[in-house]
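Written below as structure tokens is the structure these notes are about.
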Amino acid sequence: MISASLSFPLPGAQTLLIDADDTLWENNIYFERAIAGFISYLDHRVHTAKEVREHLNRVEAATILSHGYGLQSFSRSLIVCFEELSGAPVTPDNCRRIESFAQAIADQEIELLPKVASTLAELSTRHRLILVTKGNYEEQTGKLRRSNLEPHFSAVEVLPEKHHDAYLSLAAHHGCEARTTWMIGNSPKSDINPALRAGLNAIFIPHDFTWILEHEAIAPAPDGQRLLELAAFADLGLHF
Ligand SMILES: [Mg+2]
């Protein structure tokens, strides 16, 4: 059961672990655009766009296991998908064109979600903020630098994967007390469920275009832990 409100004020300073992609700034919409461009370029005679997309989802899940997250991994998935569905190796020309879809994502300016900068500035006066993202270290820290949000965080964690054990290690490393620690993010699979399993509280802020590989049913909060859903990042200011 997800609460619509909590009994506040909370006692004292909290530790807020905050996701980045699609929580602080837009991210998945660029991938969706790139994938739409890729599907048009592949222009498959037999498979529908939906079938191509489903195949790509499977290829991406496998590539992530072997090569992790990030744009290089994404580019590799597009190439593998192209080869598997066209039944032939990519030509250098195909390769350049496919890599240009991933490059367009890299070239994208950071677009912060509404009121993110002012909300973080306010929260950081009362609480300890730690950025917790996953993916390629250079890509994620590069986006943080360009976002100008870095000064609000007392620490930054770029994890290879955000699972239960990663949250336990992170909480131990930063001396987070479970009762006063909250994971905040848009992904049920990476932000909410594993943080709850690790004994932390969680705040779910859904994004309309959350990546399909991050979808999952949200588990109820175990006894004594809290789970809240907010419509927008700025609403954190009402609760913390
Ligand atoms: Mg996210």
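The values are calculated or read from the model by the stated rules, or taken from the named source; none is laboratory data. Note that the coordinates shown come from a computational prediction; the quantities given were computed from them, not determined experimentally. Don't worry about glycine lacking a Cβ; one is built from the backbone with ideal geometry, like all the others, and counts go over all protein chains shown.
In this structure, Glu109 qualifies as surrounded by fewer than 18 Cβ atoms within 10 Å (Cβ to Cβ) and either assigned by TED's automatic domain parsing to the domain that holds Phe153 or under 30 Å from Glu122 (Cβ atoms) (or both).
In segment 1-20, the residue that is farthest from the ligand (Cβ to nearest atom) out of those that are in contact with a helix residue (DSSP H, G or I) (Cβ under 7 Å, 6 or more places away or on another chain) and modelled with pLDDT of 95 or more is Gln14.
Results for (1) in contact with a helix residue (DSSP H, G or I) (Cβ under 8 Å, 6 or more places away or on another chain); (2) in contact (Cβ under 8 Å) with a residue 40 or more places away in the chain; (3) surrounded by fewer than 15 Cβ atoms within 10 Å (Cβ to Cβ), shown as yes or no for each residue.
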| residue | (1), (2), (3) |
| --- | --- |
| Glu177 | no, yes, yes |
| Asp191 | no, yes, no |
| Arg197 | yes, no, no |
| Ala202 | yes, no, no |
| Glu214 | yes, no, no |
| Asp223 | no, no, yes |
| Leu230 | yes, no, no |
| His239 | no, yes, no |
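Of all residues in segment 149-171, those that are farther than 14 Å from Asn136 by Cβ have Cβ atoms under 6 Å from Cβ atoms of residues that are in a loop (DSSP other than H, G, I, E, B) and not aliphatic (A, V, I, L, M), 6 or more apart or on another chain, in His152/Ser124.
Among the residues of segment 62-69, is any touching a strand residue (DSSP E or B) at 6+ places or on another chain (Cβ under 8 Å), crowded, with 17+ Cβ neighbours inside 10 Å, outside the structural domain of Leu149 (by TED's automatic domain parsing) and in contact (Cβ under 8 Å) with a residue 24 or more places away in the chain? Spell out how you get there, then give the answer.
First, the residues of segment 62-69 that are touching a strand residue (DSSP E or B) at 6+ places or on another chain (Cβ under 8 Å): 69.
Retained after the next criterion (residues that are crowded, with 17+ Cβ neighbours inside 10 Å): 69.
Okay, now just the ones that are also outside the structural domain of Leu149 (by TED's automatic domain parsing), so 69.
Cutting the leftovers down to in contact (Cβ under 8 Å) with a residue 24 or more places away in the chain gives us 69.
Yes: segment 62-69 contains one or more residues that are touching a strand residue (DSSP E or B) at 6+ places or on another chain (Cβ under 8 Å), crowded, with 17+ Cβ neighbours inside 10 Å, outside the structural domain of Leu149 (by TED's automatic domain parsing) and in contact (Cβ under 8 Å) with a residue 24 or more places away in the chain.
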